[in-house]
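Peer 1: Pasting a structure here, questions to come.
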There are 2 protein chains.
Amino acid sequence: MQTIVAVVGGTGAEGSGLAARFAQAGVRVRIGSRKQTARSIGEQATGHTNADAAAEAGIVILTVPLSAQVETLKSIRGSFAPGAILVDATVPLEVAIGGRVSRILTLWDGSAAQQAARLLPGVPVVAAFHALSAEALGNLDHPLDCDALICGDSAEAKASVAQLAALIPGVRAIDAGPLDNARLLESAAALLISLNLRHKVKESGMRFTGVPKA
Amino acid sequence: MQTIVAVVGGTGAEGSGLAARFAQAGVRVRIGSRKQTARSIGEQATGHTNADAAAEAGIVILTVPLSAQVETLKSIRGSFAPGAILVDATVPLEVAIGGRVSRILTLWDGSAAQQAARLLPGVPVVAAFHALSAEALGNLDHPLDCDALICGDSAEAKASVAQLAALIPGVRAIDAGPLDNARLLESAAALLISLNLRHKVKESGMRFTGVPKA
């Protein structure tokens with residue numbers, strides 16, 4: 001049986017894009033929203049509150065701004081099914097404190113993903129999907145042109161997320177090591193935002209050369 | 001007249017690789033060494049002490065470990081020709097304090113390149129070449145498969161370095177913004193080292209998709 005995926009914060013650009021791509025690949029997706037039930041997009045992707053979205057999922061993907069990460073995790077952590085994985089895609093952008101979208105903050109835990117892991121003891125946390133352009137994800141008729149780096153301390157959880165990532169056309173999943181490497185992935189996402197701004201594009205991405213698949 | 005390039009710390013793997021590639025492209029290269037005169041490699045690439053190497057160059061490339069960066073800059077800063085550019089390729093790896101090669105330190109100035117700029121007032125500093133694999137550079141018969149991100153506060157200096165980078169077969173230069181973005185490039189280099197270790201390869205690289213040339 002295929003894993004059910006919840007996208008918490010699934011009404012934002014990044015979350016909607018991921019939800020639409022996974023639904024397109026035949027995955028059952030539960031879209032979570034902050035204040036009310038999110039809009040369903042077809043039978044495959046149904047709308048819920050964040051906590052309800054998470055409750056029946058095997059993989060819960062968090063796609064919220066840094067300013068909402070802690071609060072959202074606290075609001076859903078009681079709803080995780082046994083064995084469910086959290087995929088944190090938070091980029092600790094300075095914009096959370098009124099700064100720039102192309103700069104990151106240094107968090108006490110080292111990275112947003114490690115902060116998530118601290119808040120969810122016992123839940124395998126994987127850092128992934130930071131670098132997939134929301135614009136490119138939303139453009140359902142075109143494959144992406146980028147790799148998905150995946151960090152985490154559970155090899156099994158990483159493998160599940162790698163499998164999920166590879167369902168998006170054009171995406172190659174790459175194992176990028178333990179969860180404390182997430183800060184490097186979060187930095188790389190800020191670098192892409194910076195390139196987008198500088199070059200007036202919206203879909204910059206990264207391909208890694210000389211590295212085998214996950 | 002073509003700019004003369006000095007590679008300070010040019011006897012290390014990264015420095016030698018860059019020196020050999022530029023010499024191959026017809027650039028006059030001055031290879032600098034820490035304690036004595038570096039070995040010349042043909043007419044095109046001559047050996048010197050670090051200070052002598054820098055003295056006659058239009059572009060001085062620094063390729064030393066973090067532990068040697070400050071001392072080396074202090075030893076050569078009196079030798080810069082008027083208008084000469086410093087290209088800093090230092091990655092602030094934790095190994096400098098006995099830690100790991102796949103982790104970086106947070107420096108007071110924000111990045112190794114900004115630290116270099118503080119030590120060289122009046123010299124345009126450009127951050128570049130962190131992510132070019134020494135192994136791949138040294139393999140002169142094969143083109144590289146990666147992009148060279150370039151940060152700096154002087155558009156003119158960045159353009160000169162972009163021109164130089166593009167002389168290496170397979171390398172595309174990309175403008176990555178102001179010098180304070182260098183921390184993102186330094187992080188990305190640590191990410192590549194981490195991928196090399198994890199996947200037991202030596203030539204991982206990055207290509208950016210959806211971004212035009214510098």
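Peer 1: Below 8 Å between Cα atoms, with a sequence gap of 6+, how large is the relative contact order for chain A in percent?
Peer 2: 18
Peer 1: Let me ask another. To the nearest 500 deg cm²/dmol, what mean residue ellipticity at 222 nm is calculated for chain B from DSSP H runs of n ≥ 4 alone, each contributing -39,500 (n - 2.57), summed and divided by the residues?
Peer 2: -10000 deg cm²/dmol
Peer 1: Find the sum over both chains of the accessible area lost when A and B are paired, probe 1.4 Å, and report it in Å² to the nearest 100.
Peer 2: For A against B, buried area totals roughly 2700 Å².
Peer 1: Also, I was wondering about something else. How much solvent-accessible surface does B:His48 expose, in Å² to the nearest 10, with a 1.4 Å probe and all protein chains in place?
Peer 2: 30
Peer 1: Taking only protein heavy atoms and a 1.4 Å probe, what accessible area per residue, in Å², does segment A:1-118 have with all protein chains in place?
Peer 2: Per-residue value: 45 Å².
Peer 1: Okay, moving on. Let me know the shape class of segment A:71-214, please: from the alpha-carbon gyration tensor, a ≥ b ≥ c as square roots of the eigenvalues, rounded when a/c is under 1.5, otherwise prolate if a/b is greater than b/c, or oblate.
Peer 2: Because a/c hits 1.5 or more and a/b fails to exceed b/c, segment A:71-214 counts as oblate.
Peer 1: Once you list every other residue whose beta carbon is under 13 Å from the beta carbon of A:His130, what net charge do they have if Lys and Arg are +1 and Asp and Glu are -1?
Peer 2: Around A:His130, the charge tally is -3.
Peer 1: Over all residues in B:173-182, what is the mean tally of Cβ atoms on other chains that come within 10 Å of each residue's Cβ?
Peer 2: Taking all residues of B:173-182 together, the mean is 3.
Peer 1: Same structure again: Please give the per residue volume of the convex hull enclosing the alpha carbon atoms of segment A:71-119, rounded to a whole number of Å³.
Peer 2: About 80 Å³ per residue, rounded to a whole number.
Peer 1: Projected onto the charge dipole of the protein assembly as shown (+1 at Lys/Arg Cβ, -1 at Asp/Glu Cβ, origin at the Cα centre), which of B:Gly32, B:Gln2, A:Gln69 gives the Cα projection farthest towards the positive end?
Peer 2: A:Gln69
Peer 1: With the Cα gyration tensor of segment A:167-214 giving a ≥ b ≥ c as the square roots of its eigenvalues, does the rule (a/c under 1.5 for rounded; else a/b larger than b/c for prolate; else oblate) give rounded, prolate or oblate?
Peer 2: Oblate.
Peer 1: Determine how large the accessible area of A:Leu167 is when every protein chain is in place; take a 1.4 Å probe and give Å² rounded to the nearest 10.
Peer 2: So the heavy atoms of A:Leu167 present about 70 Å² to solvent.
Peer 1: Also: About the Cα centre, and with charges only on the beta carbon of Lys, Arg (+1) and Asp, Glu (-1), how big is the dipole of segment A:1-150? Nearest 20 debye, please.
Peer 2: Dipole about the Cα centre, nearest 20: 400 debye.
Peer 1: If I build a Gaussian network model for chain A, linking alpha-carbon pairs within less than 10 angstrom, which residue out of A:Leu184, A:Leu73, A:Leu18 has the largest mean-square fluctuation?
Peer 2: Maximum fluctuation in the GNM of chain A, among the listed residues, is at A:Leu184.
Peer 1: Could you tell me what percent of the accessible area of segment B:79-214 is made up of carbon and sulfur, with a 1.4 Å probe and every protein chain present?
Peer 2: Of all accessible area on segment B:79-214, carbon and sulfur atoms account for 53 percent.
Peer 1: Separation of segment A:63-85 and segment B:1-48 by C-alpha centroid, Å?
Peer 2: Distance between centres, Cα-based: 53 Å.
Peer 1: Just tell me how shielded A:200-208 is by partners: mean number of partner chain Cβ atoms within 10 Å of each residue's Cβ, no decimals.
Peer 2: 5
Peer 1: Which of the three applies to segment B:95-175, rounded, prolate or oblate, going by the alpha-carbon gyration tensor with a ≥ b ≥ c and a/c under 1.5 meaning rounded?
Peer 2: Oblate, because a/c is 1.5 or more while a/b does not exceed b/c.
Peer 1: Ordering A:Asp147, A:Asp180 from largest to smallest accessible area (1.4 angstrom probe), what's the sequence?
Peer 2: Output order, biggest surface exposure first: A:Asp180, A:Asp147.
Peer 1: Cβ neighbours within 10 Å, averaged per peptide: list B:155-163, A:169-177, B:35-43, A:53-61 in order, most packed at the top.
Peer 2: Highest to lowest by the protection proxy: A:53-61, A:169-177, B:155-163, B:35-43.
Peer 1: Whole-Hz Karplus ³J(HN,Hα) for segment A:80-96, in order, using 6.51 cos²θ - 1.76 cosθ + 1.60 and θ = phi - 60°, x for Gly and Pro?
Peer 2: For segment A:80-96, the Karplus curve yields 5, 6, x, x, 5, 9, 9, 9, 9, 10, 5, 10, x, 6, 4, 4, 4 Hz.
Peer 1: Here's something else I'd like to know. Averaged over its residues, how many other protein chain Cβ atoms are within 10 Å of peptide A:189-195's Cβ atoms?
Peer 2: Mean inter-chain Cβ contacts per residue within 10 Å come to 6.
Peer 1: May I have the convex hull volume per residue, in Å³, for the Cα set of segment B:1-148?
Peer 2: Convex hull volume per residue, Cα atoms: 113 Å³.
Peer 1: Give the nm distances, rounded to one decimal, from A:Thr37 to the matching residue in every other copy, measuring between label points 7 Å along Cα toward the beta carbon; shortest first.
Peer 2: 8.3
Peer 1: All other residues with a Cβ under 14 Å from the Cβ of B:Gly42 taken together, and with Lys, Arg as +1 and Asp, Glu as -1, what is their net charge?
Peer 2: Taking every other residue near B:Gly42 into account, the sum is +3.
Peer 1: Right, here's the next one. I need the peptides A:97-103, B:104-110 ranked by packing, meaning the mean over residues of other C-beta atoms within 10 angstrom, with the highest value on top.
Peer 2: Result, highest mean Cβ count within 10 Å first: B:104-110, A:97-103.
The values are calculated or read from the model by the stated rules, or taken from the named source; none is laboratory data. This is a predicted model, so every value here is computed, not measured. Note that we place each Cβ from the backbone using ideal geometry, even for glycine, and neighbour counts take in every protein chain shown. The accessibility values were calculated without ligands, DNA or RNA, using every heavy atom of the protein model including side chains. Shrake-Rupley method; radii C 1.70, N 1.55, O 1.52, S 1.80 Å.
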